[in-house]
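The values are calculated or read from the model by the stated rules, or taken from the named source; none is laboratory data. In this text the structure is predicted, and so the values were computed from the model without any measurement. Neighbour counts are summed over all protein chains in view; Cβ atoms, including those assigned to glycine, are modelled from backbone coordinates with ideal geometry. With ligands, DNA and RNA removed, areas are computed over all heavy atoms of the protein, side chains included. Shrake-Rupley method; radii C 1.70, N 1.55, O 1.52, S 1.80 Å.
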Amino acid sequence: MRLLRILALIALCLAFTPTSALAVTGYDSSYNSESAFVMIDPGQTQSFQVFFENTGTTTWAKGSDTEVDLAACLADKATCNAQDPTDSTWNSGWLSTSRYATTTQASVAPGSVATFAYNIKAPTDATGTHRFNGDLVVASSGARIHPEGYYQDATMKAVGSVTGPTPTPGSTPFPSAPPATAPPVTPTPNPLTCFSSGGGRCQIVGPNAAILDNTAGGSSGVYFPRSRLTGKAVADVSGLSFDFTGIARGGAPRISVPIDTNGDGTTEFYAFISAEFCPATQTGHVSESTCQVFATGQNNNNGYANWTAFAAANPGATVAATDGGDSTVPFVVADVSGSGAVWTLSNVHLGE
């Protein structure tokens, strides 16, 4: 059974410009996470999401004097409420020419996380990588709250590029090879990150939450760029879980874990925990402690009763660090497509 190698991870970057004091009295924020950088075709529309925690004392109320917006900034990361001329042709329903979006929530109380979501549409003549810089501002005044130098990138797909082969449902653990030209992974933060192929779509909708939509075909999934489970003995692994809404079928959605059996750090096979093989009492929840575990390339068609049984059958095994030289981490994947192939994931935990 053929396994697809992870050639690269879609990476996220954030440049920080620390400030010594609140920029606006009562307002402060802290970057939380963001959705993945995207590969995009000419004329295609893609979505970005970024999450900031309200660390001030004022509630951000949409449509009021305390509304907070995600403003566009120039490449100098200092001039905001200003649109780079090259951004204008990418504007797809933004709040204005100089504001990407306001909070999706009606109000964001201190200590809560706000979601800012906006679309971009690639011009037909676009080439290379385009960067969207931004920072949070008080909507009424345009004053920056806590400059952090947020940005996300969109890279035009190469003409004639070939999409990776479609995986076999329930067997091939990782559905696509992210582009080799993706930016390098930064040490922090470690946000939930999307991947997709063949028409599948993934959208981050909050910390540890995402929507996987394979209606148009293909596959989609999520992972954390770093996992504390890497290198850990299989017998010591715990905390692999997620909640979901949607129909579990064809082995999707499932957790896939790279397994090293001979101590060389590389992947010998993948173990996966499928929503389809969890107790009826666990409908909508997937966990290594309650669901059956299967393994690629092993003669265990009936699977193992749970992770404990799998660990007992594989003494000395660890969570692998690489797959043929490329970094690996546990991930959630859905590779069933067509009508009804939509799942909303929440409370995703993969050793982040």
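For segment 219-348, state what percent of all Cα-Cα pairs lands in each successive 10 Å bin, counting from 0 Å until the bin that includes the largest distance.
Answer for segment 219-348: a P(r) of 14, 46, 34, 7, 0 percent.
Under 18 Å from the Cα of Lys121, which lysines turn up, not counting those fewer than eight places away in the same chain?
List returned: Lys157.
Is segment 37-118 rounded, prolate or oblate when judged by the Cα gyration tensor, a ≥ b ≥ c being the square roots of its eigenvalues, rounded requiring a/c under 1.5 and prolate requiring a/b larger than b/c?
prolate
Could you order Phe310, Phe244 so the one with the most accessible surface comes first? Probe is 1.4 Å. Intermediate values should be presented prior to the final figure.
Details: Phe310 0, Phe244 25 Å².
So, going from the largest accessible area down, we get Phe244, Phe310.
Pop the C-beta distance of Thr104 and Asn262 into the FRET formula with R0 = 41 Å and round what comes out to the nearest 0.05.
On the way: r = 48 Å, r/R0 = 1.16.
The pair Thr104/Asn262 has a calculated efficiency of 0.30.
Determine the order of Glu352, Glu288 by accessible area, beginning with the largest, at a probe radius of 1.4 Å.
Glu352, Glu288
With no solvent and one equal point scatterer per Cα, compute the Debye intensity ratio I(q)/I(0) for segment 200-254 at 0.20 Å⁻¹ and report its log10, rounded to two decimals.
Calculated log10 I(q)/I(0) at the listed q: -0.90.
Which order do Asp243, Asp87, Asp125 take by accessible area at a 1.4 Å probe, largest first? Walk me through the numbers before you get to the answer.
On the way: Asp243 40, Asp87 5, Asp125 125 Å².
So, going from the largest accessible area down, we get Asp125, Asp243, Asp87.
Along segment 114-125, what does the Karplus equation 6.51 cos²θ - 1.76 cosθ + 1.60 (θ = phi - 60°) give for ³J(HN,Hα), rounded to whole Hz, x for Gly and Pro?
Rounded to whole hertz, the list is 9, 10, 10, 10, 8, 9, 10, 10, 6, x, 5, 9.
Between segment 23-71 and segment 212-226, what's the alpha-carbon centroid distance in Å?
Here the two parts' Cα centres lie 23 Å apart.
Quote the accessible area belonging to Thr283 in square angstrom, nearest 10, computed with a 1.4 Å probe and with ligands, DNA and RNA left uncounted.
Rounded to the nearest 10, the figure is 120 Å².
What does the extension gain come out to for Ala312 and Ala82, with contour length at 0.36 nm per residue minus their alpha carbon separation?
Working: separation 230, 0.36 × 230 = 82.80 nm, distance 5.96 nm.
Taking Ala312 through Ala82 to full extension adds about 76.8 nm, to one decimal.
Heavy atoms only, probe 1.4 Å: what % of the accessible area of segment 255-296 goes to carbon and sulfur, would you let me know?
Numbers: 760 of 1470 Å².
The C+S portion of the solvent-accessible surface of segment 255-296 is 52 percent.
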